[in-house]
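**Student:** My questions will all concern the structure given below.
The values are calculated or read from the model by the stated rules, or taken from the named source; none is laboratory data. Just so you know, these numbers come straight off a predicted model, no measurement behind them. Every residue, glycine among them, receives a Cβ derived from its backbone with ideal geometry; neighbour counts consider all protein chains shown. Surface accessibility is based on the protein's heavy atoms, side chains included, excluding ligands, DNA and RNA. Shrake-Rupley method; radii C 1.70, N 1.55, O 1.52, S 1.80 Å.
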Amino acid sequence: DSKDYDSEVESVCPFCGVGCQVSLKVKDNRVVYVEGINGPANEGRLCVKGRFGFDYIHHDHRLTKPLIRREDAPAKGLNVDPDNWQEVFREASWDEALDFAAKGLKGRGREVAGFGSAKCTNEEAYLFQKFIRQGFGHNNVDHCTRLCHASSVAALLENVGSGAVTATFNQIEHADVAIVIGANPVENHPVAATYFKQFAKRGGKLIVMDPRGQALKRHATHMLQFRPGADVSMLNAIMHVIVEEELYDRQYIEAYTENWEAEKAHLADFPPEKMADICGIDAETLRAVARDFATAQAGMIFWGMGVSQHIHGTDNSRCLISLALMTGHVGRPGAGLHPLRGQNNVQGASDAGLVPMFLPDYQSVMDDGVRSAFTEVWGSEDFSNQKGLTVTEIMDAVHDGHIKAMYILGENPAMSDPDVEHARDALAKLDMLVVQDIFLTETANYADLILPASAFAEKSGTVTNTNRQVQMGRPAVTPPGEAREDWAITTELARRCGMDWEYDSPADVFAEMKLNMRSLANITWDRLARENAVTYPSLSPEDPGQPIVFGDGFPRPHGRARFTPASVIAPDDVPDAEYPMILTTGRQLEHWHTGSMTRRSMVLDAVEPEANCSLHPSTLRRLGVEPGGHVRLTTKRGSVVVMARADRAVALDMVFLPFAFVEAAANILTNSALDPYGKIPEFKFSAVRVEAA
Ligand code: SF4
């Protein structure tokens with residue numbers, strides 16, 4: 001009803017990588033409600049978070065002034081009451097705060113590291129990585145992609161030459177078979193899930209593979225609830241059948257791939273009859289899945305963090321890539337590889353170079369020509385040709401005394417890092433921690449300085465969703481108090497650290513990004529302002545972009561994708577007599593990541609107010625705990641007490657724990673062992689003891 005609001009502004013939902021376009025309805029400088037509009041990914045649809053989860057932007061806890069830690073403040077890390085922070089911090093002017101930050105960071109070279117954010121815009125991510133590289137001469141800059149799809153990207157870059165999806169998820173409309181593995185899209189990518197359900201409804205064969213049951217099961221032709229950590233055994237068994245029964249696409253393999261003979265030979269060791277006990281799926285089902293996928297006209301593979309967050313995460317993705325290549329399910333309508341990206345802008349932040357090994361567009365920091373192309377544009381000296389440290393490696397380097405100062409923008413490692421007490425201890429050791437955020441997060445409890453930033457509805461900037469769609473975000477309301485846009489804060493801090501930065505707006509930053517990012521060819525700020533979204537690659541100023549790529553070869557030597565055989569690696573932290581069960585962590589529909597936004601959204605918090613875990617009803621009976629009672633979960637790293645729900649979807653020897661709740665922080669329990677390629681921690685598998693509390 002037009003009487004309900006004064007103005008409406010088109011923007012993009014700030015939660016997941018689906019990237020639903022929204023219309024923000026504004027009255028008296030407040031967003032009063034939100035509607036879905038016709039974006040390329042959502043066609044008007046929204047989930048509960050996009051529809052009801054926006055009121056956090058007006059929450060009383062918003063930071064409105066820079067805060068400096070008092071000299072007589074209690075020890076770092078104590079939980080600071082957002083309503084009573086004055087004992088720990090004092091307000092400061094922007095001038096004083098920025099000078100304080102510059103004094104703590106400037107000239108410290110390798111002692112400084114930075115975490116940027118997948119919640120910020122592309123322009124803000126680009127500026128943040130430039131700040132570290134230009135200002136401090138090295139590549140110790142990373143963000144939460146390290147904790148979600150770093151292993152998927154490692155495998156994709158290695159084998160198909162590009163880290164992004166080969167087809168948009170909407171292409172499922174043209175598929176006749178689709179695999180969804182290690183992902184729970186009904187909760188984590190809810191609008192994408194609506195397309196998956198429609199696909200199944202019109203007769204598409206949906207194959208769901210997940211150690212935990214899930215809502216998509218109702219729509220699935222096959223539901224493979226395999227043993228946690230047995231992904232490589234299961235996928236190799238499926239591919240074994242495709243080889244054995246000669247269901248592979250010989251022509252495609254010959255034209256577009258390399259290393260097929262090695263893959264074929266490797267798969268000989270994985271007959272389904274031998275793998276059935278290991279993965280907990282009978283051989284006939286594995287054979288049926290292989291036949292359904294290989295004989296389809298067009299097949300897609302979607303995966304999530306159930307695949308990526310393992311020490312064998314890169315191997316899991318290698319298997320999925322091999323499966324798509326051997327069946328020729330790439331580069332055509334309804335065919336392709338699609339890691340479902342988590343955060344709203346994790347694709348864009350990675351594209352913009354917010355990672356320690358790549359400059360924008362995945363150009364290697366080790367390549368002299370690449371670095372000089374950037375330093376020429378930046379008008380600055382060369383910087384290190386060594387890959388920088390990743391998220392968890394930076395925390396280790398703090399403990400080792402090599403890193404002593406950090407600038408953290410919009411990330412919450414005091415909640416999101418594995419073995420989080422290790423990360424919290426590291427944050428407490430820093431002699432300068434600058435946190436830039438919209439709330440006093442758990443990480444801000446450790447800050448020397450907090451800079452108040454802007455929420456999505458208060459700023460301009462582009463974001464890139466899981467579909468490679470670059471979309472325009474627009475300001476609908478003004479930031480509270482003295483809070484500023486992140487790009488403007490980083491720019492001013494860079495100036496005070498001695499960098500010669502001149503940007504008047506995010507549009508200026510976008511124009512600079514285009515100089516060294518071929519992915520942005522034919523995509524301009526003006527065009528995005530007019531059209532709202534353009535998919536990269538876009539082949540001309542009129543082309544809305546290519547939903548499918550690699551129809552005629554890959555960006556690899558000789559245009560060929562590669563088969564990389566994957567062997568079985570056991571999880572790092574295997575159950576034993578003391579810790580006999582398996583802990584897996586993840587999100588739930590109503591809460592987003594570390595909860596800083598959704599737990600401050602009235603509707604979402606009302607629906608899901610309490611920290612919870614899920615256990616099979618038989619497990620609860622064995623423990624003598626009623627549903628709704630409390631259990632203690634203990635791993636080698638720590639212990640939490642949490643309310644237990646009965647859930648038949650969880651296997652008898654498993655417990656599922658969402659990571660949004662600080663009062664039972666899942667990452668107190670998780671294991672920081674890393675995948676050697678993607679450097680991603682094994683969040684999805686820890687040995688745990690479960691007891692009545
Ligand atoms: Fe937002 Fe994702 Fe929900 Fe769309 S599916 S409304 S992008 S949280």
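**Student:** Can you spot a residue in the range 407-430 that is modelled with pLDDT of 95 or more, aliphatic (A, V, I, L, M), in contact with a strand residue (DSSP E or B) (Cβ under 8 Å, 6 or more places away or on another chain) and open to solvent by 10 Å² or more (accessible area, probe 1.4 Å)?
**Tutor:** No.
**Student:** Inspect the range 86-108 for any residue being closer than 30 Å to residue 665 by Cβ, modelled with pLDDT under 95, of a type outside the set (Ser, Thr, Tyr) and out of contact with any Cys (no Cβ under 8 Å at 6 or more places or on another chain) and give the result as yes or no.
**Tutor:** yes
Results for (1) open to solvent by 30 Å² or more (accessible area, probe 1.4 Å); (2) more than 30 Å from residue 145 (Cα to Cα); (3) away from the ligand (no atom under 14 Å from the Cβ), shown as yes or no for each residue.
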residue	(1), (2), (3)
16	no, no, no
67	no, no, yes
75	yes, yes, yes
90	yes, yes, yes
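**Student:** If you don't mind, another one. Within the range 1-14, which residues are in a strand (DSSP E or B) and either near the ligand (Cβ under 7 Å from one of its atoms) or over 27 Å from residue 304 (Cα atoms) (or both)?
**Tutor:** Once the filter is applied, which keeps residues that are in a strand (DSSP E or B) and either near the ligand (Cβ under 7 Å from one of its atoms) or over 27 Å from residue 304 (Cα atoms) (or both), the range 1-14 yields 7, 8, 9, 10.
**Student:** Here is a list of conditions, (1) within 14 Å of the ligand (Cβ to nearest atom); (2) in a helix (DSSP H, G or I); (3) touching a residue at least 60 places away in the same chain (Cβ under 8 Å), and residue 173 meets all of them except one; can you say which number that is?
**Tutor:** (1)
**Student:** If you don't mind, another one. Can you name the residue in the range 38-57 that is surrounded by fewer than 18 Cβ atoms within 10 Å (Cβ to Cβ) and assigned to a loop (DSSP other than H, G, I, E, B) and is also farthest from the ligand (Cβ to nearest atom) among such residues?
**Tutor:** Result: 38.
**Student:** Which numbered condition trips up residue 404, out of (1) at negative phi; (2) of a type outside the set (S, T, N, Q); (3) surrounded by fewer than 22 Cβ atoms within 10 Å (Cβ to Cβ); (4) under 24 Å from the mean Cα position of the chain (by Cα)?
**Tutor:** (4)
**Student:** Go through the range 331-356 and count every residue that is in a loop (DSSP other than H, G, I, E, B), within 17 Å of residue 173 (Cβ to Cβ) and in contact with a Gly (Cβ under 9 Å, 6 or more places away or on another chain).
**Tutor:** Result for the range 331-356: 5.
One line per residue, one yes/no per condition, for (1) without any contact (Cβ under 8 Å) to a residue 40 or more places away in the chain; (2) more than 16 Å from the ligand (Cβ to nearest atom); (3) in contact with a strand residue (DSSP E or B) (Cβ under 6 Å, 6 or more places away or on another chain); (4) farther than 30 Å from residue 266 by Cα:
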| position | (1), (2), (3), (4) |
| --- | --- |
| 191 | no, no, no, yes |
| 195 | yes, no, no, yes |
| 198 | yes, no, no, yes |
| 215 | yes, no, no, yes |
| 218 | yes, yes, no, yes |
| 228 | no, yes, yes, no |
| 232 | no, yes, no, no |
| 237 | no, yes, no, no |
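**Student:** Can you find even one residue in the range 18-29 that is out of contact with any strand residue (DSSP E or B) (no Cβ under 7 Å at 6 or more places or on another chain), within 16 Å of the ligand (Cβ to nearest atom) and either part of a strand (DSSP E or B) or over 17 Å from residue 454 (Cα atoms) (or both)?
**Tutor:** Looking for residues that are out of contact with any strand residue (DSSP E or B) (no Cβ under 7 Å at 6 or more places or on another chain), within 16 Å of the ligand (Cβ to nearest atom) and either part of a strand (DSSP E or B) or over 17 Å from residue 454 (Cα atoms) (or both), one finds at least one in the range 18-29, hence yes.
**Student:** For the range 387-401, enumerate the residues that are assigned to a loop (DSSP other than H, G, I, E, B) and not charged (D, E, K, R).
**Tutor:** Passing the criteria: 388, 389, 390, 401.
**Student:** Condition test on residue 109, is it open to solvent by less than 50 Å² (accessible area, probe 1.4 Å), without any contact (Cβ under 8 Å) to a residue 60 or more places away in the chain and within 22 Å of residue 395 (Cα to Cα)?
**Tutor:** yes
**Student:** For a quick check of your reading of the model, give me the residue pairs whose first member lies in the range 29-47 and is farther than 24 Å from residue 545 by Cβ, whose second is more than 11 Å from the ligand (Cβ to nearest atom) and open to solvent by 60 Å² or more (accessible area, probe 1.4 Å), with beta-carbon atoms closer than 8 Å and at least 6 apart or on different chains.
**Tutor:** The qualifying pairs are 29/478; 32/4; 33/4.
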